[in-house]
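The values are calculated or read from the model by the stated rules, or taken from the named source; none is laboratory data. Please read all numbers here as calculations on a predicted model, not as lab measurements. Reconstructed Cβ throughout: ideal geometry from the backbone, glycine too, with neighbour counts over all protein chains shown.
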Amino acid sequence: MNLPTASVRAGFLVALGLAVAGCGEGPPKVQQEVPVVPVSQPLRRDVTDYADFTGRTEAVERVDILPRVTGYLVEMPFVEGSEVKAGDMLFKVDPRPYQSQLDQSKGQVNLYLAQLRLARATYERALAIAKTPGAISVQELDQDKAAVEEAEAQIKASQSSMEVYHLNVDFTRVTSPIDGQVSRYYLTRGNLVNQDQTLLTTVVSLDPMFAYFDMDEPTLLRIRRAINEGRIKVPERGSVPVMMGLQGEQGYPHEGTINFINNQVNPTTGSILVRGVFANPKPASGARLLSPGMFVRIRLPIGQPHPELLVIDRAVGSDQGLKFVYVVDEKNQVQYRRVTTGPLQEDGLRVISDGLKLGEWVVVGALQQVRPRTEIRPERMPMPTLGPAESGKSSPGDNSEPKAAAGAQPDTTGPSPDQPPKGDKPPKTGRPTKASEPPGDQPPAAKPARPQAPTRDQPATPRADQPAAPTGGADRLPQVPRRPQQPADSNPR
């Protein structure tokens, strides 16, 4: 009666011992491979500090074309959107009413001239008669003299009115006051226009062109302090250079000068309005590049060129707003180094103004594989840039997979091209492998017929008169295991 119990107890003790022995061994330790990380030394060269802004172009001169007389439009000889010269006629108002007023004024002047001639003749006769004592009274002589003066005053008044009517006739020709580009017709022929009220079109000048931008207050104070300390030299002529770039352009190819700074800072935005002027010539067989209202990028150089250290911008990380780089020491360990950054250069290098020394090795790629105080295998290379010479190429030290170490052997544990893959798992392409192809010059075997799927009551075995399907290829159908049937009374109530 005690034999089974003793056997069970002995088996339990053996199993417990094996479990304790297994727990004591633990999993085998895997030695981690040291990552290969590209590193480069910072470059040292002369750079110029600058500040970047965004702005809009604006015409130097802009004129709203308004009629100076009231009337109906009769002519519009200009082409919409074309360039015009100062004095070119743009619109013409019906001049007939104003011409009639001018003709009437000329007739009135002629009438007053005739009255003046009569008054002068009468006064001269009165003077001759007055030589005889008592022949004419003094009152009559004064009246003749006053008639002459009255006729002269009437002539001057009528001539002034005639000048006004003459101006009205001239104002029926609406001309462009400046050289520039004209807009569209705001009103067409036959419409009534009112004097100094109806907008007919606009004309803007094209060369040169203004570019307005807002400079923030910190940059303004920075420039003024640098001028006071002598770090920035103001040009003798007072013209400060400025550069401009348009949409789709690389860099800032257009050069101009600053010709206006506003007299007060906008308290709402904390910025001051600055204006630059740029040339906008027209090519011999082309069009002008600038138009009013275009979005532009402005770069304002600050100070003279000075030497600085530069690293590729992707090597600079950010930790809650603090910039840092990874530096490799003499023990090939990564060290965290906080730095002060400057402006980004056109070739993708970032200025490091503080925190880095010349000759130190900076991690420039594979940043996701390094952490502070970890050991790496540095792969030294020149500092990568994004210059035109490297366009279309991946610069060294990018965040791609590290290169294999020198002397490393390729992995030969995988199957060779001449050996079939292990197991009987068919390839994904559904085509037979080389191992299944008939050797020599023998013709390939005919493709066997596709077996029929077995029914629920029929086992999944081929018939005796049908050849077995090949083990590889797309003709093999996966066998789905049958789900065991449960008895009817096995379901819980």
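In the set P281, P301, P372, P384, only one residue is part of a loop (DSSP other than H, G, I, E, B) and assigned by TED's automatic domain parsing to the domain that holds D216; that residue is P281. Taken over segment 82-115, the criterion of being under 25 Å from Y185 (Cβ atoms), out of contact with any Ser or Thr (no Cβ under 8 Å at 6 or more places or on another chain) and loosely packed, with under 14 Cβ neighbours inside 10 Å is satisfied by S82, R96. Residue pairs whose Cβ atoms lie under 8 Å apart, sitting 6 or more positions apart in sequence or on different chains, and linking a residue in segment 81-103 that is under 14 Å from I178 (Cβ atoms) to a partner that is among the small types (G, A, S) and not in a loop (DSSP other than H, G, I, E, B), are E83/G180; V84/G180.
If you go through segment 261-279 and keep only what is surrounded by 12 or more Cβ atoms within 10 Å (Cβ to Cβ), out of contact with any His (no Cβ under 9 Å at 6 or more places or on another chain) and either of a type outside the set (D, E, K, R) or free of Cβ contacts under 8 Å to residues at least 24 places away in the same chain (or both), you end up with I261, N262, V265, N266, G270, S271, I272, L273, V274, G276, V277.
Residue-by-condition table, conditions (1) in contact with a Lys or Arg (Cβ under 8 Å, 6 or more places away or on another chain); (2) closer than 30 Å to A59 by Cβ; (3) assigned to a loop (DSSP other than H, G, I, E, B):
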position: A121; (1), (2), (3): no, no, no
position: L127; (1), (2), (3): no, no, no
position: G134; (1), (2), (3): no, no, yes
position: M162; (1), (2), (3): yes, no, no
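Within this structure, D313 fails the test of being under 17 Å from M383 (Cβ atoms) and modelled with pLDDT under 90.
Just one residue in the set E330, E346 is over 30 Å from F213 (Cα atoms) and of a type in the set (D, E, K, R); that residue is E330.
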